[in-house]
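Asks: Below you will find the structure I want to go over with you.
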Amino acid sequence: MKPIYIASCGDYFERIESDDSAVDLKALVAEAIGTPVRRIGRFIQLALIGAGRCAKQAALPEDAAVYLGSGRGDLEVTIEVMHSIVRDGRAPKPLSFINTVSNAASFYVAQSLKLTSQSTFVCNRYFAFETMLQLAKLDLEQGVVTSALVGTVDVVVPPLAAHRMRLGLDADTPVADASHWLLLQTQPSSTPLGRLLAAGHFTDAKALRVWLSDQTIDAQWKLATGQFMPRAEADEWQRALGLEVFDYLTGRPYYDSQSGAAIGEFLRREKGTLLHLNRDPSGRYQAMLVAVES
Amino acid sequence: MPSIHLASFGLHTTLGRGIDANVAALERPPQPPREVSVPLGNDARSIPYYTLADAPLDDIEARFEQALHGVIVEAIERAGLSQTERREMGLFLGSSCGDMPLLETQYRRDLESSSEALPMTKTSSLGNLANRLRAAFGIQGPDYSYYTACTASANALLAAAAMVQAGRLRHALVVGVEMFNAVTALGFSGLQLITRDVMRPFDRRRSGLVPGEACAAVVIGTEARDSNWTLLGGANLCDTHSISATNPDGSAIAAVIQQALERSEVEAGEIAALKMHGTASLLNDEAEAAGLRRVFSKAPAVCALKPYLGHTFGACGVAELALFCSAVERGMLPGTPGIAAGDSDLDVTLNQTLRAQPPGKFMLNYFGFGGSNTSLIVANDGARSR
Amino acid sequence: MTQIEELKSALKALIVKECDKDVDPATITNEEQLIGGALGLDSLDALQICMAVQERYGVRIEDGPKARRALRNIDALAEVIMTESEAFAQS
């Protein structure tokens, strides 16, 4: 199977402290992709900032495919058209309606970065980043694409009290806008940051254990567990595997696809191999395995 | 690499509930749409819409889940999947509306009790629909909710096929869903794209689209089950010309068709018949016609299904596939009498009557907002397996 | 400012806001082409302007020849609104 390299990574991450503290993203978009983009909301702006920053770190070929995921989708534009139609009795404005197609964000990423290959948007409630990584990895292995820009976006929609209620969070939970991206390639043009070894789905813990028993785990490995895995279970995996813990979650404000931060943080801070495990409430698991040469 | 079999279909559209009812309805010419009252604040607007047969619009929430469960049961039962196969299969959903019909209904109800009510408080993820379906059908495999506008369920099918072909999954359930909602009706109305007439793609008199409801399902795997269709391949490419229109010169459409042919190892001349996207809007039909001319030196037989179903947006990938394959499997190519009958300004002549169609290789094309273009190539080998 | 001049500058501000253009409304001339011109507006902007005009002035501009005429430039748009809007007819 073709090895998959991580050519670059790019992130945006900003805690939203109050109802009117959201940063004006227009200038950041222009900085990240080199030109301002009009007629887009915060969700699409976040996608452009993260993807643009990632693309800047490496030579991005024009046939790179875009894999954009989200745990919820563009909450902001959906809420806007719902207010308009249901509450205010006004038909949605054409430019708002157009952006309710969720692939508007992946379209603008492809258009702004002048890409010509496929561009897709997929939602997955608990495993947004893992899901996109898995889809991109398969296409890279099959030779369907040779470069994949993989990312997730989460947007905060004030007022914060309403946002927390929508997300099912406690009243004081800190929340953040976030956009995490990796550029994956089968033939990187410069020295890669690391390698993606695995990205897999498991129907239950047993299936995950079978896969883990096939891996050659050594002391260089570190374990990170995802945000949806209960604390007690995370501790159990840590004990069972006997690995040092890589913690990227403590102190991180809430957003749905925190898993998107794991690989980038590991690349910046560590060497060795990262095993990332996450589970959803129905007992399904996702594993990501990444290696950074020491 | 193993072949990808389209093992079975389930379908519910304005034509009828179930595959057989849908195919039977192709014997009548396309019917004009009726107008539906679309709630707008405390008021309403009358907008043409093809709603599901045998599913009145009175209880939006109940009919949403019923229709969707109905097509999944139909596909799963026809495929004869065991409990274990069902548990381990992947779920690939393609939609443009997602839970919108439910979100609107809930918000309207909440506003009646309090003017301070907020939208999307009960459910706020485009991924929740897939999780509800997984829970209802006991699916523990991975789920992927494709929201790529009008190509959503076609793209979901391509991803499912890649997973099954690579051996990551034994089976996948691919579902397309588009149900009545005010955002879609009013949004397309605001774009001035809706007609009160039958949709007339590629016809001089084409005047726009009519939104349509559809729930559709296909089970795929590496062995034949209820149907004798295989997916030979396909492609999805992003046309960054404009978010709302594909490049009118046809170059982007030609590129995706060409890539689908190459990946399927099929020559353009081998395509026996082709299902057009055909939204009956001035520019999209022009682009599609131009794209075909670039690839096919001699056009194969072409048909369009939106005059029958309306534009079912995110669901049309699987809904039109299910209808097309089921008709051809019964030896019939769908026809649209009087639509693009031979004097088309775009030089496209649609098949006019339901006529005999021998087995062969077929192409289905889908082009959508956000520059998402998808082309699928399928084949059948004659005799039905049962 | 006369009523029509006020209307024209209001329309310029409306276009800049609705189409999310990063320009000073005053730099738009009354004669310059709105759609497909130097301003860089497209058919989607045209639809957005039509709906905003309908909401603000109650003047419905359908797609087709009438829209193309009305959206030719600020002068043309103001004239259509002055002729068809009840608000202006009464004043």
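Asks: Let me spell out the model: positive unit charges on the Cβ of Lys and Arg, negative unit charges on the Cβ of Asp and Glu, origin at the Cα centre of the range B:174-304. What dipole size does that give, in debye rounded to 20?
Replies: 420
Asks: Quick one: what do you get for the range B:156-312 if you divide its Cα Rg by 2.2 N^0.38 Å?
Replies: Values: Rg = 17.1 Å, N = 157, 2.2 N^0.38 = 15.0 Å.
Normalised by 2.2 N^0.38 Å, the Cα Rg of the range B:156-312 equals 1.14.
Asks: Using the Kirkwood radius built from alpha carbon pairs, what does the Stokes-Einstein equation give as D for chain C at 10 °C and 1.306 mPa s, in µm² per second?
Replies: After rounding, the answer is 122 µm²/s.
Asks: Then there's this: Treating cross-link reach as a plain straight distance, find the lysines whose alpha-carbon is under 24 Å from the alpha-carbon of A:Lys271, omitting any fewer than eight places away in the same chain.
Replies: A:Lys2, A:Lys56, A:Lys137, A:Lys222
Asks: How much net charge surrounds A:Leu60 when only other residues with a Cβ under 13 Å from its Cβ are counted (Lys, Arg +1; Asp, Glu -1)?
Replies: +1
Asks: Across 10 Å bins from 0, what is the distribution of all Cα-Cα pair distances for the protein assembly as shown, in whole percents?
Replies: Answer for the protein assembly as shown: a P(r) of 3, 14, 25, 27, 19, 9, 3, 0, 0 percent.
Asks: If the viscosity is 1.306 mPa s and the temperature 10 °C, what translational diffusion coefficient in µm²/s does Stokes-Einstein give for the range B:112-197 when Rh comes from Kirkwood over Cα pairs?
Replies: Estimated via Stokes-Einstein, D reaches 99 µm²/s.
Asks: Where does each of A:8-19, B:178-189 land if you order them by average Cβ count within 10 Å, highest first?
Replies: Peptide ranking by packing, descending: B:178-189, A:8-19.
Asks: Would you work out the relative contact order for chain A, in percent, from Cα pairs under 8 angstrom that are 6 or more residues apart?
Replies: Rounded, it is 25 percent for chain A.
Asks: In addition: Please pull out the direction-averaged projected area of the range A:4-185, using the convex hull of its alpha-carbon atoms, in nm² to one decimal place.
Replies: Here the figure is 10.3 nm², rounded to one decimal.
Asks: Over the alpha-carbon set of the range A:102-158, work out the extent along each principal axis and list the three values in angstrom, largest first.
Replies: Rounded to whole Å, the extents work out to 42, 27, 12 Å.
Asks: Taking only DSSP H segments of four or more residues, each worth -39500 (n - 2.57), what value at 222 nm results for chain A once the sum is divided by all its residues, to the nearest 500 deg cm²/dmol? Intermediate results must be reported in sequence, preceding the final value.
Replies: Numbers: 10 runs with 101 residues, N = 294.
So the helix-based figure for chain A works out to -10000 deg cm²/dmol.
Asks: Let me ask you something else. How big is the range B:4-380 by Rg and Dmax over its Cα atoms, in Å?
Replies: 19.5, 63
Asks: A further question on this structure: Considering only DSSP beta bridges whose two residues both sit in the range B:4-380, what percent are antiparallel, to the nearest 5?
Replies: For the range B:4-380, the DSSP antiparallel bridge percentage is about 70.
Asks: Check cross-link reach from C:Lys8 to the lysines: straight Cα distance under 24 Å, and skip same-chain residues fewer than eight apart.
Replies: A:Lys93, C:Lys17, C:Lys21, C:Lys66
Asks: What does the structure give for B:364-372 when I average, per residue, the other chain Cβ atoms found within 10 Å of the residue Cβ? Please list the in-between numbers first.
Replies: Working: counts 0, 0, 0, 0, 2, 8, 15, 8, 9.
For peptide B:364-372, the averaged partner shielding equals 5.
Asks: Here is a further query. Using only Cα atoms, figure out Rg for the range A:41-96 and give it as a multiple of 2.2 N^0.38 Å.
Replies: 1.55
Asks: Using a Förster distance of 45 Å, how high is the FRET efficiency between B:Ser37 and C:Asp75, based on the Cβ-Cβ distance and rounded to 0.05?
Replies: 0.65
Asks: May I ask you to derive the FRET efficiency for A:Met1 and B:Arg293 from their Cβ-Cβ distance with R0 = 56 Å, giving the value to the nearest 0.05?
Replies: Taking R0 as 56 Å, the efficiency between A:Met1 and B:Arg293 is 0.90.
Asks: Just checking the output field for C:12-21: average partner chain Cβ neighbours within 10 Å of each residue's Cβ?
Replies: Numbers: counts 0, 0, 0, 0, 0, 0, 4, 3, 8, 2.
So the per-residue partner count for this stretch is 2.
Asks: Ok, one more. Could you work out, residue by residue across B:187-198, how many beta carbons of other chains sit within 10 Å of that residue's beta carbon, and then give the average as an integer? Kindly include the intermediate steps, with their values, before the conclusion.
Replies: Numbers: counts 11, 2, 3, 13, 10, 10, 2, 0, 0, 0, 0, 0.
Partner-chain Cβ atoms within 10 Å, mean over residues of B:187-198: 4.
Asks: Take the Cα gyration tensor of the range B:301-365, multiply each eigenvalue by 5, square-root it, and list the three semi-axes largest first, rounded to whole angstrom.
Replies: One finds semi-axes of 19, 16, 10 Å for the range B:301-365.
Asks: Moving to a separate point now. Over the range A:194-292, how many percent of alpha carbon pairs lie in each 5 Å bin up to the one with the longest distance?
Replies: Final binned percentages: 2, 13, 26, 28, 21, 8, 2, 0.
Asks: Turning to a different aspect of this structure: Where in chain A are the DSSP H helices whose C-alpha atoms run 18 Å or more along the long axis and whose mean Kyte hydropathy is at least 0.5?
Replies: Membrane-span-like by this rule: A:42-56.
Values in this text are rule-based calculations from the coordinates and carry no lab data. Treat the numbers as computed from the prediction; the structure is a model and nothing was measured. As a convention, Cβ positions derive from the backbone with ideal geometry for all residues, glycine included, and neighbour counts pool all protein chains shown.
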